[in-house]
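The values are calculated or read from the model by the stated rules, or taken from the named source; none is laboratory data. Just so it is clear, the model here is predicted, and its values are computed rather than measured. Cβ coordinates were reconstructed from backbone atoms using ideal geometry, including for glycine residues, and neighbour counts include every protein chain displayed. We work out accessible area using only protein heavy atoms, side chains counted, and drop any ligands, DNA or RNA first. Shrake-Rupley method; radii C 1.70, N 1.55, O 1.52, S 1.80 Å.
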Amino acid sequence: MKLIIFGLLLTLEIGILAFRCDRRPYGSTTKASAADGRFKLSVIDAENTYIPEQLYTVQIAATDGESRFTGFIISAEGATKPNPKNPRRIVTLFPGHLRPRDMLSAKYSDRCLYSVEHVIASPKTFVQVYWQAPESGNGCVTLRAMVIETTEVWFEDGPPLTQQLCEDTRQPDDVTPQLNYNCQICDEAKYEITFTGIWSRNTHPRLYPEKDWEPRFSDLVGASHAVDYILWIPGSLASQGVRELAEHTNTSKLEVDIREKIGDGVRTMIKGKGHGYPKMNYPTYAFVRADKTNHLISVAVGIHPSPDWFLGVTRFELCQEDNTWLQEKELNLFPWDAGTDSGVSYESMNIETFPQDAISRVQMSSYDKDSPFYEMDIKDLHPFGRLRIKLIRTYQKECVEETTGEENTTEEEMTSTTEEAQTEIESDEEEASPSEPDAPSRYQTTDLASGEGGRESPIVTDPESAEECPMSQWQEWSECEGECIDGQIVGYKWRERYHLVDGIAVEKYDPYANYTATKEVPKYCKLHHDTFERIECEDVCLDDFSNEELTAERRVMEPIAAGYPWKM
């Protein structure tokens, strides 16, 4: 009896590991014919490599456009390697999942593992199915096809009907590069960090939020830090601060977490103003300092609306292998999933992920039609933003040998060091870019937007600098706009103001203006003075007809009411 059971288990194991199952057509008594090239197996948009966990379309097609086949089987076969526990035995690696694309033309095979086959034996020139590539570390995968022309004429394997794909080890820009664990640079460095949003209806049209005023980016938040500090990293659970940034574009908790680590793994906090409609693509600037110990940077930017998606880079290395500071780098940013919400689209309802999942790339090439990334390869996806890292200057420092007397450091000295680091953060945020010209300002002294009708950005602390950035008065708030539900509008209203250069409002459309010169606003003023404000609002909504009349009237009257300050 034991021998019988052992034999059955051995047969089952061999059947599981043996992908070369009997794929002979039902009822056929002939052997497979040699492939004549009329039918070909191919993986669309894959050239001998695959991106782990990517969804691909696999097809069998007639190469001459005329030949017909009536049935098929497509199988995925994983690579093999010796079992580390028993080298005399072989382990087969996971080859990914094959799935029917259309349940009317294909189904899961009931005789071959990791395979799909035809449903109805009818003449066809091509067929397509899905293949979800395995996760990283599974090596090469072989896809094989059996094609039935008639009951007695069928083909399998051979170059036209077999394709091997190996894992693509190339990584997107925002994936952590190799770290330099032995940075030996004595000089300190100062970098300018620039985040520019790209996400828009034009670049990412699929399922882009319908209400133009809703999309926005959170503030840019991050830090320069030591190797043993982690702000966020793929494969780990998101902190509460990262969760609030990803789900609600709220950076308050994450900023507190970073500040608490200043002097204890963090050198400088990175903070830049986030932008929303209609200035999603405006750059956000911040400054950061790095040294021999704190030579990594991590940043994050939340996306709204989204389930729990964010952009960013983690543990990016500034200290190069030859122990010089990185001069400049531009990174394309793609969405990450915080693992806290199970929504699949920008405007999905809140569906808490329980238990919480690890941070990972947002699923690309999704087979869910409600996803913005349905059947979309990351190689073909426009980045959602760009991060530019540029070395501004270095500060010469002498190399000091480390001593073992650190344990004798007094609490007063530690407090002094922490306060000095915090002061550095504030000065870095407020310092203007060195690329800004030193010539006297071309701005005229005019009324700033302060007091009634306007307010300054809270991050402006230098009155002299404020006088160099004249602004127009805030315009009136817009009407509360949003979806009307049960007679109530819950949405947003906004207002704008403009930078004044030589008394002219920059970026404001004036059909009567006769000037042609381009007016430039210094980067410092763009960074420290908001020109757009938006707040949530609630209002009673009228019927659709009345709303349309009011909206049309507002479009006509608003430019007249706003006035043109340069004609006064």
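Structural remarks
- Segment 162-172: number of residues that are part of a loop (DSSP other than H, G, I, E, B), surrounded by fewer than 17 Cβ atoms within 10 Å (Cβ to Cβ) and either charged (D, E, K, R) or at pLDDT 85 or above (or both): 1
- Among all residues of segment 173-184, there is none that is open to solvent by 30 Å² or more (accessible area, probe 1.4 Å), modelled with pLDDT under 95 and more than 30 Å from L296 (Cα to Cα).
- Residue check for W232: over 23 Å from R315 (Cβ atoms) and crowded, with 18+ Cβ neighbours inside 10 Å: no
- For C112, the criteria (1) over 16 Å from Q54 (Cα atoms); (2) part of a strand (DSSP E or B); (3) open to solvent by less than 30 Å² (accessible area, probe 1.4 Å); (4) not hydroxyl-bearing (S, T, Y) hold in every case but one, which is (2).
- Which numbered condition P159 fails, given (1) surrounded by fewer than 18 Cβ atoms within 10 Å (Cβ to Cβ); (2) assigned to a loop (DSSP other than H, G, I, E, B); (3) over 29 Å from the mean Cα position of the chain (by Cα): (2)
- Some residue of segment 246-263 being open to solvent by 60 Å² or more (accessible area, probe 1.4 Å), free of Cβ contacts under 8 Å to residues at least 40 places away in the same chain and part of a loop (DSSP other than H, G, I, E, B): yes
- Here G276 clears all of (1) closer than 24 Å to V256 by Cα; (2) surrounded by fewer than 21 Cβ atoms within 10 Å (Cβ to Cβ) except the condition numbered (2).
- Among residues of segment 371-382 that are under 16 Å from I51 (Cα atoms) and basic (K, R), those with a beta-carbon under 8 Å from a residue that is open to solvent by less than 50 Å² (accessible area, probe 1.4 Å) and part of a loop (DSSP other than H, G, I, E, B) at least six positions away or on a different chain give the pairs K379/I51.
- Scanning segment 303-360 for residues that are within 18 Å of the chain's Cα centre (by Cα) and under 30 Å from K397 (Cα atoms) returns V313, T314, R315, F316, K329, E330, L331.
- Of everything listed in (1) open to solvent by 10 Å² or more (accessible area, probe 1.4 Å); (2) touching an Asp or Glu at 6+ places or on another chain (Cβ under 8 Å), the single unmet condition for N202 is (2).
- Figure legend. Inter-residue proximity from segment 86-114: first residues on the phi < 0 side of the Ramachandran plot, second residues open to solvent by 80 Å² or more (accessible area, probe 1.4 Å) and among the hydrophobic types (A, V, I, L, M, F, W, C), beta-carbon distance below 8 Å, spacing 6+ or different chains. Indicated pairs: L104/I120; S105/I120; L113/I16.
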